[in-house]
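Below: the structure, in structure tokens.
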Amino acid sequence: MNGSAPTAPRFEAEALADMAGLAARHPSIFRVNWPRRALTVAIVAVLAGLFISGFWALGFSFARIAGGLGKLVEFAGFMLPPSPGSYATFLTYLMALAQTLAIAFLGTLTAAILAFPFGFLAAKNVIPNVFLHFSLRRGLDVVRGVDVLIWALIWINVVGLGPFAGILAVATSNFGEFGKLFSEAIEAMDKKAVEGVASTGGGKLHQVRFGLLPQVFPVIVSQVLYYFESNTRSATIIGVVGAGGVGLHLYEQIRMLEWQHVSFLVLMILLTVAVIDFVSGRLRFAIIGNAKIVA
Amino acid sequence: MSHAIARLPEPRLRALEDAYGAAVAAKRRQVLLGGLVLAALVGLSAWAGEVDLAKFFANLWRFPSYIGDIVPTLRLTHLGEDLAEWYWGLGYWLRLMGETLLIAYLGTMLGGLCAISLCFLAAANLSRSARVRWLVRRVLEFCRTVPEIVFALIFVAAFGLGPVPGVLAIAIHTTGALGKLFSEVVENIDMKPVEGVSATGATWLETVRFAVLPQVLSNFASYGLLRFEINVRGAAVMGFVGAGGIGQDLIESIRKFYYSDVSAILLIIIATVMVIDLATERLRHALIGMESRS
């Protein structure tokens, strides 16, 4: 309490005046790490160089961007107010939206049911065969690597145009995802519950039913619900290649430059996705609480 | 001396058994009700989705036969010639695949830059105006809910055919997806450095630069790489609607039944996606390792 507490500006001035001393006392803070800095600069330069030359390589030009933006503004003007034109068209769109939901729902469910046994087969702790494990996992990877739109094109060859091909496409592409996720969930489970059931004299089936299933089932259900949400989004566009749902109408209306219809359809999709997200989020929360779903 | 298990008196035992029975019955009823709802939904969707199992099983042979058709004939005696015939357009397809990767890269970078500039405004702990935060969040939601193919269709109408609409469509979708993830990362930071820097009288921008960015940058890069991986898959089908990349050739060969071309292009796509997956996974692990060391 000597009454001469230094004020902030004085501290600053003192510190600045003693910069050389500070640097001498704390060399590790003032030393510049040149190799590290050079590496950072080099990475940023490569990324930025690729970025800028990429625009040039893909044919971006100011004239094209400006012209396109002008057109976009024009389109946005045409989009207002969103309207389906007539009540009959509205009903058609509503039916197409129902089709989209059906594609997402049945596709997810079929994939889940088919992938469930595969999850066990591809799990290291159920079948400890390295060769089988590796080949199953790579097979699932290939299925996953093919986009849902490509699967739709392939299934159209089998069952013809329409939502059924869409269901099969969503089911196939999700089968690859689920097989991987389920087997990981099964690999992550706790062995103790199964051993407990075995110690009371439970058979193999009892062990699976009372030891394994209660652990795995909630995780799997929540993953399936999560994918249902994301499939609702992808099912809206699967119609672009002719596999049913609202995508076909969206594609046609954009091609015919019916912007009021387009904005109406987009609004319908946004609303549906929001509702599905809400419902499935509630269900997921009821099943496993706030736990993390995607590993 | 023997131990006997004490049995409860009969009436209490019965009460407990009844309670157990009621609990099990309630659970069973719940499961049954859930099953009925599920069955009803399945029936309804099967009707709306025009499921035709008879047609499916009648035509199922076409699936393996299609797969058989697209597999090229490779004979051991003429392996070189057969491979050359199968991949007759290798150079052309590789150039298209390169274009696809470039579309994915530009879309990810452009979207990532937009997401970085918007995420601080959408984070609850840094944004000072609730109204701005609400607005930014709704914009991001819109960007990621509308599928990128829809953006691509609209942009093809506005910018013309080619990779330009593809890049822009992917960039917008990426902005929405990364913006949300980035703002969640920002919301989870340690606030003490922020307080420290703002106590020195730093502006909002300086606080973000010196207190927030060092904490979040490795997470940002990791999410960005993950998104790049997803965008490569997305860019591969952009050509379906005329927005550049290898998709245009793929859909043409599927539609025109150029069978061996289908398998050739698909294999290129699958191999590229796998390589990118492995490479980004390596990079992401390196990034996460860097974060835990510092």
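The values are calculated or read from the model by the stated rules, or taken from the named source; none is laboratory data. The structure presented is a predicted model; accordingly, all values stated were derived computationally and were not measured. Here Cβ is always computed from backbone atoms with ideal geometry, including for glycine, and neighbour counts include all displayed protein chains.
Side notes on the structure shown:
- Qualifying position, being more than 9 Å from chain B (Cβ to nearest Cβ), under 25 Å from residue B:169 (Cβ atoms) and touching a Gly at 6+ places or on another chain (Cβ under 7 Å), among A:76, A:115, A:96: A:96
- Selection within segment A:28-53: residues that are at pLDDT below 80 and in a helix (DSSP H, G or I). The member of this set that is nearest to the chain's Cα centre (by Cα) is A:29.
- Residue satisfying condition, being assigned to a helix (DSSP H, G or I) and closer than 25 Å to residue A:93 by Cα, within set A:210, A:228: A:228
- Looking only at residues in segment B:115-167 that are more than 18 Å from residue B:104 (Cβ to Cβ) and among the basic types (Lys, Arg), the one that is nearest to the other protein chains (Cβ to nearest Cβ) is B:138.
- Looking at A:92, A:172, just one residue is within 29 Å of residue A:257 (Cα to Cα) and either part of a helix (DSSP H, G or I) or not β-branched (Val, Ile, Thr) (or both), and that residue is A:92.
- Residue match in segment B:230-239 (condition: surrounded by fewer than 24 Cβ atoms within 10 Å (Cβ to Cβ), under 13 Å from the mean Cα position of the chain (by Cα) and part of a helix (DSSP H, G or I)): yes
- Flag for residue A:153 being surrounded by 14 or more Cβ atoms within 10 Å (Cβ to Cβ), more than 21 Å from the chain's Cα centre (by Cα), within 11 Å of chain B (Cβ to nearest Cβ) and modelled with pLDDT under 90: yes
- Taking the listed residues B:175, B:203, the one that is hydroxyl-bearing (Ser, Thr, Tyr) and either modelled with pLDDT under 90 or farther than 30 Å from residue B:243 by Cβ (or both) is B:203, with no other qualifying.
- Entry remark, segment B:124-137: residues being among the polar types (S, T, N, Q) and without any contact (Cβ under 8 Å) to a residue 40 or more places away in the chain number 2 in total.
- Flag for residue B:85 being crowded, with 20+ Cβ neighbours inside 10 Å, out of contact with any Asp or Glu (no Cβ under 9 Å at 6 or more places or on another chain) and more than 28 Å from residue A:275 (Cα to Cα): no
- From the list B:121, B:102, B:110, B:90, the lone residue that is in contact with a Lys or Arg (Cβ under 7 Å, 6 or more places away or on another chain) and either more than 23 Å from residue B:164 (Cα to Cα) or in contact (Cβ under 8 Å) with a residue 24 or more places away in the chain (or both) is B:121.
- The set of residues in segment A:110-150 being buried (at least 20 other Cβ atoms within 10 Å of the Cβ) and within 19 Å of residue B:53 (Cβ to Cβ) consists of A:111, A:112.
- Residues in segment A:156-165 that are at the interface with another protein chain (Cβ under 8 Å from one of its Cβ atoms) and outside any loop (DSSP other than H, G, I, E, B) were compared, and the one that is surrounded by the most Cβ atoms within 10 Å (Cβ to Cβ) is A:163.
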